[in-house]
Each structure stands twice: as C-alpha cells, then as structure tokens.
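In what follows, a single structure is set out as structure tokens and then discussed.
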RNA sequence: GGGUCUAUAGCUCAGUGGUAGAGCGCGCGCCUGAUAAGCGCGAGGUCGGAAGUUCGAUUCUUCCUAGACCCA
C-alpha cells in the first residue's frame, strides 16, 4: 500500500528528498539505468566546462536548468546518457586570480617569483571553489557524473589537444605570423577575436582634431581627427579617400583641408569660407610636417590613398600609425611606410618618445594633448563616447599592436565550417544564419599563442641550428625525439617543466620549444575529443559519444565555446558527416537585474543563487525559468516573480493532498481496488491526460520548455478545477462502489503519471508525490521510471468536445448568477441554454445542474427565442430625423410605447419585420415604413425574471425567481456550510461523526426538519435535534443563516 | 557605422493573417468535506510609430524610434 503521506513545506520536502537521493544513490542509478540500451538509443550531451575558481552565480543557473531538463527527459525515455562533468582550468582568468593573490603585477614579477611556483599556485587555485559547485549542483537537482569529470589541465587532456594541434600542423594550418592584434599590455599577451568579443565596453575617450601642416603650402593644414592621442607620435602618414571631394576652408588666417561633406560637422558655427575644392586623389603624395618626427625615413609623412576612409565622422583624413592598427599596418606594408613604435610590451612609452617616457599610453594622452595645444597644433578637443575593447579579465584597455603570434588558418576551412554550421539545429533558429552565421562569414585566423605561463603548452620545437620546426603530437613522440628520454617519459605537460625538454633535430641540432602556451578556448573547444583522451584511449567511447545531440550555454558563448567546438571539430574530422560536434544547441539568455541591466560583478547587482534557493526552493526556481519565457530570452531576475510562477506547483500539491487525505482514510489499495467501468469524468480526465502527455512530449522533443510547462499548467488546471472539483463527493462515499473505485483509481493513475511528467522539471516535488503513491512493485524513484506514453485508446475527442461545451455553459451560467447577484448556494429552478450545438447527454447535464445549482436545464433553439426573450426596437435617430423630419419625434414616441407593449404583440411585430424587412407605422394618419437595418433593428432582452450570461458562441439564461421551496433549500445549504465551518473551527477530522443540536428561527427550523436527512448526510451528523440547552456540547456558535438567526452545538462521536 | 534580437495589460511574459491571451497586482463577488487553499467576474491594450501587401495585418514586407547583445 502506498504511504499517502502529507507533503511538508517545499524547503523541508526538498531537504528530505535530497537525503533520500543520496542514501539510495538515485542520481547514479538514474544515469546508469539505460546501460542496456546504449548500443541503439543514445542521447549525447556535452558539458560546457565552468571554471571552478569562482563561486557559481545566478548567471550560471540559466544554462544549467536546461542542461538538466533535457537529459533527464531523455533518460526517462530510455536513452543512454553520460552526463560527464567538466572543468575548464587553464588560462588568463586563473593566472589573474593568482597574480592578485600573490600581489604580482606584471610578467616580470611573475618571473621573479618563479614560474614553477606560480604554475603550481594556478593548479591549486582552480579547485578553490570546486566544493561550492559540488554543493550547489545537487541542491538544484542538477545531476552530473562529477566523479569522471574531464579536467583540461591533465596530461591526458593536453595530450589529446597536442594530437589535434599536430593534425592541424600537418595540414599546414598552423603558422607564425606578424599581425596587428588586440593586445593586453597588462597581461602581456595578444587576445583572440572571440576573447576580444567578451570585453567591449562603452567608454569615453579623448576626441581631438589636429592640424598637420602641409609642407609646400602657406598656412595650410590637414585637419585630422583621432580618439587615440597616444598614437600620434607613431604617425607616419595621412590617408584620404581618393574619390571624395575635399575642401580648402579659410578660417581666420589659416586654411584647413578636410572632406567637403564634413565641413559643417567639424567647424560647426565657426565663421569660414570655402576657398577651393580638390579630389582626394589629387591630395595623394603631398607632404606634411608631423607633430612628432620619430622617423627620418624618406617615405614618411605624406598623404596616401586608402579605401577604408569614411565620411561618417572625423574629417575624412585619417592618421596612420602602422604599429597600432590593423588597417594602418596594411597601408604601411602596401605603401612602404616606416614602422614607428615608441611603446614597449607593457604599454609604456620608451625613451624613443621622451615627452612621456615610462608612462602608460592611455595616461600619456593628456600629456600629448597638452603639448599639441601648447604648440598650436590642436584645432579642438573634446571627448567621445564609443564601444572599445577591454581585456575580458583584467579590464585593461586593449591596444592594437603589431606582434608575432601563432595562428590557425581557420579561414582556409571557412566554407567547411559554414557548411557544417548550416546543418546544426539552433534554438532559436535565427542564430544559425544570424548572429553566429555572420560571425563565420567574417571569420579571421585564430590567434592561438599566448605569452603566458598557465596553459596548454604549444607543442612546437624549433631547431637552434637549422630553424626547422616540429610539432609533437603525443608523449610517445616526445620520448622518441627527446635528448633525455627518461625525463620525457614523466614530464608534466606544463611550463616550466616542458620547456626543459630538448629534442634532437634531424640535422643533428638541438630543438627548443617555443615558449608560448595556447588560448584556453582551444582547450575547452577540444572537449569533444580530449574528454576521452582520444585517440590514445577510449576509441569506442569516442565513436559512441561523437557528435553531441545537445549542448546549451549562454549566448555569450556564441563566439566562445560554440565557435571553438565547431572550428576544432570541422578542422579535425573532415571525414565525419555534418553536423558535428553538436546537433542541437540551445542558446540561453542573459540574467538581468530588476531594472533590466545585465548582472555583473562590477555593477554589484548579482543575485546570490543560494539566497534565492534557500528561500523558494529549487523546484520553484527551476519552474520559474522553464515556464517564464523561452530559454534564449534575457531574463529579469526579480525574486518575487519566482513566488508568482509557482502557482501551478501549489495546485499540484493541493490535488495530491486532496487525494492522499481520502486515499489514506479509506485505505485505497491500487492493487486490490480494480476498476470495472470508468465514470464519465474519469474517462474525460484520462483523455485529457493522453493529450497532455503528447503535448509535453512534443514540446520537449522540439526544445520548447515553455510550451511544455503550459501544457502541464493547462492539464493541472483541468484536473483541479474541473475533475477534482466535480468528483469530490465521489471520494466521500462510505462503501467501495464501482464509481468510487473508478474515482480513486483514476485520480491515482493520473497523479502517478503527472509525477512522471513533472519529474524533469521539478524533480523534488515529483519525487515526493511519487514516493507517496508508489507501491513496492514500482521503481524506487520517479527518476527511474519510464516517461509516460500517450495511449490513443484512452483518448476520446468527442467526449472532450462535449465536456468543453459543458464547461462553457457553466461559465456562462455562473456569469449570469454573478450579474443577478444570486450566490451559487441558492438553488434556482431553471437554466436555459441557447446554442447552435445539439443538447448534451444527460450525464453532462447532470454536471452542469450540479455546478449551476439549478433544478432543471433545458435547451432552446436559437430560431425560437421568444419563450425567454423579448424583443426591443432600437432606432437610429439621425436616420429617422432625415426621412421623417417633423414626424420623427412622434415615431420615436410610438417606438418607445411599443417597447412597453405586451410581449406577444411585440413578437408579432418582429415576425412581420423579419418577413418584410420593414416596420409599418401610422403616424397622424400617415402610413410610414421604417426599413430594418438603417432605421430600426431588433435586440433581444431576457424576459422579466431571467438573466443572461454568455461564453464563446452560446448563451445561458437563468430563471432568477426564487419560490418558497427554493428559499428553504437555500437556507438548508447555507446552514450545512456553516456547520462545516464549525466542524473545522472545532478541530474535527473530516471523517468524524457528530451529534448536531440547534435552535433557530421558525423558517430555518421548518427547512431543517424538511431536509433533515440531507443535513445529516452532509455534515456526518448521527443525530440532528432541536435543543435549547447546549450544556453537553463541545462546540457552540451563533449563526447567521441568510439573515435568519440560528444557534448550533456539536459533539464529536468517538 | 554594421549585424542579430526585442517592443503585446500596471508588472513578468505567451500567442495569432480573421472579435487579443495567461500569471501576478487591482476592484467586486463566489465556493469550500483540498481550508492560512481554491474559483469566477470586472477594470485595464491604437499589440512601439509610419507606410505597403491583403477582402482583412498585432501577425507578412519596408522604413523609423527605443532597448539588449554582438561586431567594427
């Protein structure tokens, strides 16, 4: 027999369930339950690895709720799922934390501290918050196999990454280049484009207009705009658009050259005069005096043509500093311009520019502006607000810097990558061709190398003698080539140890490793392979677990993990059919605060997930996300919204509580009490359940959690507000009639199915309900159950349609009662349904009568409305006035009188009107005709004593007349309700029998005597007696029964 | 400057080429043998603005405005 226990409050409930899961090792059993199916039914999930060196925050929660939902669902469906966890452990984020901890501020200081000690610290730091995560995930019901989680810093993982790099190298796609790259001067390393993408921020920079004196013209200056004053010393050229028109503008005694189109924008209200125009092409070759002359190369300081010059802002003349801009660099290469760089790798000016030597470039802006102003070279200055990239971790502004770096030639495989992406199912779909697709279209080579310490070492060795380069792809290869093979056998694949391994070159020389580590996004992007240490181990596992069916991460990973997975996979597995390495990707939105701002630590508006979970519980938080909006929408996270959305869960608890209460009292045994025939309501709710199952299943298959939760909510509403509401009395019966068994068995089955349907969404509540309903023959946890399958045999759409109509009739009827201000407890004689649909079967009518509390229900054809409706004439005053002129007021009067006439007379007139489409009137001897439609029309009003309600396409009329008999019944029903309230107030159990004593107004007394049996049945009163003495009673109360006085006393029978 | 997305009730959000929806909040009721629960009704909307396609546009198209994210 099931337990039918009470459900404690959500927090206690979740604590109990957590304990149960742990004791019974349910998560483990869940993940292994489909081992037998793994050959044919697999659902492959990849974990996007978090970095464990920080606490989990609310933003992490969003992808994680979905990463839990879908695998749970698939597990219940019998799919084999490996939910292998993973940790991202390398890279700048970790190094920065450690630097901070150790108080180090530059690479020099790290070197001084010792690379070995530093790297050891990094490795340690990675695990600093691991326990936080391991506590948080289970609390939320997020189940992972953390025991076998992949860790990107292990030798095995790195070996797989090396294998990949070697394959890429062998394809000739790994090369060393000299390019202008976004560079973080604080971290001392260039960043890849997807890292840069993480760090754009709105910032205010200086905006200055400079005068560059033309060498061969009197008092003439090129007007140049820049937002980076610190690059001015490195200027070697000016660029113009050859096809643009430039103007020579006289301002005071000076002449400025700038784009014609931009004159007013730049000069504003200043008084000026255009003294000539010239095409850009004609400016090319002109010489000018640079503000700072750091080069004496003959080709420097002249005007060149460039196609990237725009007329959107500035002056149409662009200052060129090849050391600090990609486009500048290219122009410099093409034009043979000198390369001037007075800035060192820490972003500080060197002695080559004494004015600001030793200063960080951004700090030098002010010095330079001041100097230029002092020398009369500044036309005007201001500030400029724009988006500028900052280091995504340390927030230092990035500098565009010409540097040596290793690249992966991703552009060589761009078409393949795009083709692969086209086959991926993105959720939402528009990401594929939109945001992500666009990124692929404008893809650049992957700047792979980092001048740092803690990361996967770039496995390239270069011969000191012949400069030959070799890429090592495995430990075995390292051992084979190493000078010290013993050392190579055990060396850890990290700096500084790996740097000590020297290789023998084929020329006989010694090879040293280049000192770079690689971008940690390459690490995590390789998890599809490296998590299995493939190809060195786990060949079968890899074959089985590639590609993933499903991944989910935040949309900030578009250019991060989504990209690195796709690129590495496409490059490595050219022979595998697309798509890989993931088939479905769910992009999740950002977490915003109450005011719609992105949650971030710097804004201080981050919600601690513990604060939320400890108050509302994990189920409520999960449901909030699933039901609130599509995964990819940004979410405002206001804790009070979580309370609002959990209403559905409360209803589920209520329905369960109702069932458990009576199932417990009556010892309902699902094994013993078998159903012979299902009652109408039972067949209905089972039919609706089949519908709900198919809807929820479809929605989950299509990765639409909102639709799934809506289907659940609809079903729960139907279950609670129609099925249970109308079935309550069936659960109270004293003997096991077939109808009672049918009710119990049905609700039992429905709740059991509902628990399973809820399991992936709210695993705690689902488990609690299941535990109270399960028999010994059933699996020990709801999470080890099979996902329900819709049974078409139980579906009856005809029945559903009928029931829907019945519900609509009830709604309309209740609306009418509301209008008439007659409460439902007061029985009424008649309700009339006006509908084009045929009358419902008696069973439905019974339900409707019960809900509307009417004695009789009849159906009226809409063609014959006059039994209950009376017609009224409405008229169009303006039309009457126009046609009848002075007769119009009289016509109105007649019509008003007609509206007061006898019902039969009016019906007769209406029938005439309908036949002839006009109404004939005689006014002062004159016969006039009023056409229907333009002048008059007929409206129907309920006849006296009737009130109308409507819903959808039908109407319901209520006869509101209450005769003595009805009034008596109303009194009795009111009396019964008051007694029930007293039972509760007295603290009796619902099944306690009572003795009931009363004294009351004569009218109430008469009614009670007449309906004594009914009262006793309803209140479980073994006796009902008039009694003026209440000495013995346990509970007594004065009552107001519809305005009449009564007093009752109760005694509980034991 | 470019791209993508978003704009629907006071709030949070569904949805649709044919009379606009839910939850919460608000007002008024109701019901109660689920009992500190539950239900109904009502108020509240130019479906961001403009134009176009269409018999009909909140829905499709274009433009504009605002916001978010991304890119430059």
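The values are calculated or read from the model by the stated rules, or taken from the named source; none is laboratory data. The shown structure was predicted, so the numbers you read here are calculated from the model rather than taken from an experiment. Please note: Cβ atoms are built from the backbone with ideal geometry, for glycine as well, and neighbour counts cover all protein chains shown.
Tell me, please, whether a residue that is buried (at least 23 other Cβ atoms within 10 Å of the Cβ) and part of a helix (DSSP H, G or I) can be found in segment A:142-158.
Checked against the condition, which is being buried (at least 23 other Cβ atoms within 10 Å of the Cβ) and part of a helix (DSSP H, G or I), segment A:142-158 yields at least one hit.
Looking at segment A:727-734, is at least one residue within 13 Å of RNA strand B (Cβ to nearest atom) and on the phi > 0 side of the Ramachandran plot?
Scanning segment A:727-734 turns up no residue that is within 13 Å of RNA strand B (Cβ to nearest atom) and on the phi > 0 side of the Ramachandran plot.
Out of curiosity, is residue A:302 closer than 23 Å to residue A:377 by Cβ and surrounded by fewer than 14 Cβ atoms within 10 Å (Cβ to Cβ)?
Answer is no for this residue.
Which numbered condition in (1) assigned to a helix (DSSP H, G or I); (2) crowded, with 16+ Cβ neighbours inside 10 Å is the only one that residue A:29 fails?
Here residue A:29 meets the rest and fails (2).
Take the conditions more than 9 Å from RNA strand B (Cβ to nearest atom), more than 30 Å from residue A:430 (Cα to Cα) and surrounded by fewer than 16 Cβ atoms within 10 Å (Cβ to Cβ) and apply them to residue A:702. Does it pass?
No: the conditions fail for residue A:702.
Can you find, within segment A:266-282, the residue that is surrounded by the most Cβ atoms within 10 Å (Cβ to Cβ) among those that are over 55 Å from the mean Cα position of the chain (by Cα) and not in a loop (DSSP other than H, G, I, E, B)?
The qualifying residue surrounded by the most Cβ atoms within 10 Å (Cβ to Cβ) is A:278.
Here is a check on your reading of the model: is residue A:829 more than 15 Å from RNA strand B (Cβ to nearest atom), out of contact with any strand residue (DSSP E or B) (no Cβ under 7 Å at 6 or more places or on another chain) and not in a loop (DSSP other than H, G, I, E, B)?
So residue A:829 fails the test.
Given the residues A:713, A:745, which is the only one that is touching a residue at least 60 places away in the same chain (Cβ under 8 Å) and more than 36 Å from the chain's Cα centre (by Cα)?
Matching residue, one of A:713, A:745: A:745.
Condition (residue is farther than 25 Å from residue A:851 by Cα, modelled with pLDDT of 85 or more, within 16 Å of RNA strand B (Cβ to nearest atom) and within 55 Å of the chain's Cα centre (by Cα)) applied to segment A:1001-1016: is it met by at least one residue?
Looking through segment A:1001-1016, none of the residues is farther than 25 Å from residue A:851 by Cα, modelled with pLDDT of 85 or more, within 16 Å of RNA strand B (Cβ to nearest atom) and within 55 Å of the chain's Cα centre (by Cα).
Are there any pairs, at least 6 apart or on different chains, whose C-beta atoms fall under 8 Å, with the first in segment A:174-193 and assigned to a strand (DSSP E or B) and the second away from RNA strand B (no atom under 16 Å from the Cβ) and modelled with pLDDT under 75, and if so, which?
Between residues of segment A:174-193 that are assigned to a strand (DSSP E or B) and residues that are away from RNA strand B (no atom under 16 Å from the Cβ) and modelled with pLDDT under 75, the close pairs are A:184/A:394.
What are the pairs, 6+ residues apart or on separate chains, where a residue within segment A:652-666 that is more than 27 Å from residue A:709 (Cα to Cα) has its Cβ under 6 Å from a residue that is within 9 Å of RNA strand B (Cβ to nearest atom)?
A:662/A:731; A:665/A:991
Any residue that is under 24 Å from the mean Cα position of the chain (by Cα), in contact (Cβ under 8 Å) with a residue 40 or more places away in the chain and closer than 30 Å to residue A:469 by Cα - is there at least one of those in segment A:569-582?
Among the residues of segment A:569-582, not one is under 24 Å from the mean Cα position of the chain (by Cα), in contact (Cβ under 8 Å) with a residue 40 or more places away in the chain and closer than 30 Å to residue A:469 by Cα, which makes the answer no.
Tally the residues that are within 11 Å of RNA strand B (Cβ to nearest atom) and either modelled with pLDDT of 80 or more or loosely packed, with under 14 Cβ neighbours inside 10 Å (or both), restricting the search to segment A:599-622.
Final tally of qualifying residues: 1.
Across segment A:624-650, what is the total count of residues that are more than 6 Å from RNA strand B (Cβ to nearest atom), out of contact with any strand residue (DSSP E or B) (no Cβ under 8 Å at 6 or more places or on another chain) and either over 20 Å from residue A:754 (Cα atoms) or in contact (Cβ under 8 Å) with a residue 40 or more places away in the chain (or both)?
9
One line per residue, one yes/no per condition, for (1) within 21 Å of residue A:64 (Cβ to Cβ); (2) surrounded by 20 or more Cβ atoms within 10 Å (Cβ to Cβ):
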{"residue": "A:531", "(1), (2)": "yes, yes"}
{"residue": "A:536", "(1), (2)": "no, no"}
{"residue": "A:539", "(1), (2)": "no, no"}
{"residue": "A:544", "(1), (2)": "no, no"}
{"residue": "A:548", "(1), (2)": "yes, yes"}
{"residue": "A:556", "(1), (2)": "yes, no"}
{"residue": "A:566", "(1), (2)": "no, yes"}
{"residue": "A:570", "(1), (2)": "no, yes"}
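Among the numbered conditions (1) in a loop (DSSP other than H, G, I, E, B); (2) under 18 Å from the mean Cα position of the chain (by Cα); (3) closer than 16 Å to residue A:783 by Cα, tell me where residue A:82 comes up short.
For residue A:82, the failing item is (2).
For residue A:831, are the conditions met, namely being closer than 28 Å to residue A:800 by Cα and in contact with a helix residue (DSSP H, G or I) (Cβ under 8 Å, 6 or more places away or on another chain)?
yes
Taking segment A:823-842 as the search range and keeping residues that are crowded, with 17+ Cβ neighbours inside 10 Å and at pLDDT below 85, which one is nearest to residue A:959 (Cα to Cα)?
A:834
Tell me yes or no: at least one residue of segment A:839-855 is within 15 Å of RNA strand B (Cβ to nearest atom), assigned to a strand (DSSP E or B) and closer than 19 Å to residue A:964 by Cα.
Looking for residues that are within 15 Å of RNA strand B (Cβ to nearest atom), assigned to a strand (DSSP E or B) and closer than 19 Å to residue A:964 by Cα, one finds at least one in segment A:839-855, hence yes.
For segment A:772-808, which positions are part of a helix (DSSP H, G or I) and either free of Cβ contacts under 8 Å to residues at least 12 places away in the same chain or within 12 Å of RNA strand B (Cβ to nearest atom) (or both)?
The answer is A:793, A:798, A:801, A:804, A:807, A:808.
Quick one: residue A:419 ticks every box in (1) surrounded by fewer than 19 Cβ atoms within 10 Å (Cβ to Cβ); (2) in contact with a strand residue (DSSP E or B) (Cβ under 9 Å, 6 or more places away or on another chain) except a single one, so which number is it?
Going through (1) surrounded by fewer than 19 Cβ atoms within 10 Å (Cβ to Cβ); (2) in contact with a strand residue (DSSP E or B) (Cβ under 9 Å, 6 or more places away or on another chain) one by one, residue A:419 breaks only (2).
When residues of segment A:668-681 are filtered for being within 14 Å of RNA strand B (Cβ to nearest atom) and in a loop (DSSP other than H, G, I, E, B), how many remain?
Counting residues in segment A:668-681 that are within 14 Å of RNA strand B (Cβ to nearest atom) and in a loop (DSSP other than H, G, I, E, B) gives 1.
Considering only residues that are in a loop (DSSP other than H, G, I, E, B), under 22 Å from the mean Cα position of the chain (by Cα), touching a residue at least 60 places away in the same chain (Cβ under 8 Å) and near RNA strand B (Cβ under 9 Å from one of its atoms), which ones fall in segment A:405-452?
A:428
Can you tell me which residues in segment A:1024-1035 are loosely packed, with under 15 Cβ neighbours inside 10 Å and out of contact with any helix residue (DSSP H, G or I) (no Cβ under 8 Å at 6 or more places or on another chain)?
Of everything in segment A:1024-1035, those that are loosely packed, with under 15 Cβ neighbours inside 10 Å and out of contact with any helix residue (DSSP H, G or I) (no Cβ under 8 Å at 6 or more places or on another chain) turn out to be A:1025, A:1028, A:1029, A:1031, A:1032.
Only residues that are within 9 Å of RNA strand B (Cβ to nearest atom) and over 22 Å from residue A:712 (Cβ atoms): list them for segment A:653-665, please.
Result: A:661, A:662, A:665.
Tell me which residues, restricted to segment A:309-339, are farther than 28 Å from residue A:247 by Cα, assigned to a loop (DSSP other than H, G, I, E, B) and either under 45 Å from the mean Cα position of the chain (by Cα) or modelled with pLDDT of 85 or more (or both).
A:338 - this is the single residue of segment A:309-339 that is farther than 28 Å from residue A:247 by Cα, assigned to a loop (DSSP other than H, G, I, E, B) and either under 45 Å from the mean Cα position of the chain (by Cα) or modelled with pLDDT of 85 or more (or both).
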